[in-house]
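A short worksheet on the structure shown next.
Each reported figure results from applying straightforward, stated rules to the coordinates on display, with no laboratory input. Every value quoted in this text rests on a predicted model; they were computed, and no experiment measured them.
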Amino acid sequence: MVRMPEGMRDKLKELASYSGRSTNAEIVDRLDKSLRRSFFLEIPESTLNRGRGLPVGALDDVMNDISMFAVQAIENAADRHENSKQNLINLFSQMLQDRPKAEQEALSDEFAELLKRAGLDGEQAQ
């Protein structure tokens with residue numbers, strides 16, 4: 001059991017409901033995302049040590065490994081972006097269902113325009 005500030009457990013339950021997960025799954029997902037989020041490229045010390053003291057021409061293997069870590073970091077960032085975009089679309093879709101039918105089409109069009117302006121077009125709320 002984790003101690004949480006007052007109201008946090010209720011907020012997590014609400015967020016879990018929006019994302020269609022259990023509260024536990026929501027907590028695990030959020031912890032996983034925060035642990036993977038990094039603004040620094042994580043390169044193992046063993047990879048860096050292999051390159052120390054080598055002449056520039058002999059660094060190709062080390063540079064290839066560092067490039068691999070950079071690509072992996074970029075792919076992780078793209079995955080986080082895609083997950084955030086999909087969560088936003090899912091949340092909007094759920095909110096849209098609670099609105100009167102007469103308002104749904106106009107709101108859906110507005111949301112599609114917002115996604116387009118944000119550079120996230122290509123997917124539209126259902």
Sorted by chain and number, the residues with a modelled amide H under 5 Å from that of I43, at a separation of 5 or more or across chains, are none
Tell me the Kirkwood radius of the stretch 8-97: reciprocal of the mean inverse pair distance over distinct alpha-carbon atoms, in Å. 16.1 Å
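Would you calculate, for the chain, the mean residue ellipticity at 222 nm contributed by helices, counting each DSSP H stretch of 4 or more residues as -39,500 (n - 2.57) and dividing by all residues, to the nearest 500? Don't skip to the end; give the middle numbers.
Values: 5 runs with 88 residues, N = 126.
Per the formula, -23500 deg cm²/dmol.
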